[in-house]
Structures are given as C-alpha cells and as structure tokens.
Amino acid sequence: MSFTVREVTAEDWREFRDIRLRMLQDTPIAYGETHEASLRIDEAEWRSRAERGQQPHNASFVAVADDGSWVGIMRGFVSQTRGPMLVSVFVDPGWRSPAIGVADALLDAVVAWARGEGETLRLEVHADNPRATAFYRRRGFRETGNRRPYELPPFGDEVEMELSLD
C-alpha cells in the first residue's frame, strides 16, 4: 500500500467532496457538520472549500494512493485567538495503521506548515473518539484542560489538545 501526500487545490473539488462525505459517514461526531447537510452543498461551495487550503494561513493536505484514490486528509488554519489549528482529520479505514503511515505523513505535513504560523498546534477532538485521541497523544499532543460542548447529536464535549512546535 503506497501513497503520496500533496496539497489540495480548487480543481480537486470533486475528490474533496467525496472524501468529506465519506468522513462524515465514518465518524459523524468529528466534524461539526452532518452528512445530510453536506449533501445539499452546491458545486461553488465545494470548489471554495477545496481551494481554502491555498489561501494564506490555511493548509490542506491529502494522501493519494497509487491508484489515484484519496485515502486521507488533514487541514489547518490559523485562528486569530488560538493560532494554528488542525481540523478535518480523516484516514480511510483500510489505511488506518501506523505501519502504513497515512495519518503520520499527513500530520507531518500539517506540523511543517504550522511551524511557520505559530508556536503550538491545537485541535479539538470529541471526548468519545478514543481512536483519534490515542493517535494525537502518540504524536505528542496534550490536553489543555479546555472543553466546549459539541453542537450536534450525540452532543458531548470537544476536548482541546495542543502540540508544542519548538
């Protein structure tokens, strides 16, 4: 199983849409958006979302398998109040293994981008998502103690974690 990591562009909007819909079905507690709502998004909005990573203080990286299929994605943006943020993290279930390395390669790309944007990289992970939390801890993220309510069913809490970039 081989893949490459590259940036997402506006021309990738169809693939971006397809992976977004897959991630919303796979882990609905992780993205602050429902699959049903995403089905109603028009082409112009999908193009805008795909292009966002090319804008200043934003990044979007995708893992592409040798057959051209998208097998993972991670994005970053700079929050005015919290600095660099990791968002939209997804790896296709068939590619979720440290031995394959998709999640690690994508996170390495986001961390390299974030180093030019701030001193820490933060994220929010649903308290009921132990798989993601374990990955972030393995990569050096620590809980900050900050939590906020997750706004969609099944509700619960979003837990803030951060990684020092020094």
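General remarks:
- A search for C-beta distances below 7 Å between a residue of region 15-27 that is in contact (Cβ under 8 Å) with a residue 24 or more places away in the chain and any residue that is in a helix (DSSP H, G or I) and surrounded by 14 or more Cβ atoms within 10 Å (Cβ to Cβ), counting only pairs 6+ apart in sequence or on different chains, returns Phe16/Trp46; Phe16/Arg49; Phe16/Ala50; Arg17/Trp46; Arg20/Ser38.
Conditions tested, residue by residue: (1) outside any helix (DSSP H, G or I); (2) of a type outside the set (Asp, Glu); (3) closer than 17 Å to Phe61 by Cβ.
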position: Trp13; (1), (2), (3): no, yes, yes
position: Arg22; (1), (2), (3): no, yes, yes
position: Gln25; (1), (2), (3): no, yes, no
position: Ile29; (1), (2), (3): yes, yes, no
position: Glu33; (1), (2), (3): yes, no, no
position: Ala37; (1), (2), (3): no, yes, no
position: Glu45; (1), (2), (3): no, no, no
position: Ser48; (1), (2), (3): no, yes, no
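- Residues of region 32-60 that are surrounded by 15 or more Cβ atoms within 10 Å (Cβ to Cβ), of a type in the set (A, V, I, L, M, F, W, C) and free of Cβ contacts under 8 Å to residues at least 40 places away in the same chain: Ile41, Trp46.
- Strands (runs of 3 or more DSSP E) contained entirely in region 75-149, each with at least 2 residues that are on the phi > 0 side of the Ramachandran plot and at pLDDT 95 or above: 83-91
- Residue in region 61-97 that is most open to solvent (accessible area, probe 1.4 Å), counting only those that are among the polar types (S, T, N, Q) and closer than 12 Å to Ile19 by Cα: Ser69
- In region 150-166, of all residues being open to solvent by less than 40 Å² (accessible area, probe 1.4 Å) and part of a strand (DSSP E or B), the one that is farthest from Glu33 (Cα to Cα) corresponds to Leu163.
- From the list Ile29, Ile19, the lone residue that is surrounded by 17 or more Cβ atoms within 10 Å (Cβ to Cβ) and modelled with pLDDT under 95 is Ile29.
The values are calculated or read from the model by the stated rules, or taken from the named source; none is laboratory data. Note that the structure is predicted; figures quoted are calculated from it, not measured. Cβ atoms come from the backbone with ideal geometry, glycine included; neighbour counts cover every protein chain shown. Side chains included, ligands, DNA and RNA excluded: accessible areas come from the protein's heavy atoms. Shrake-Rupley method; radii C 1.70, N 1.55, O 1.52, S 1.80 Å.
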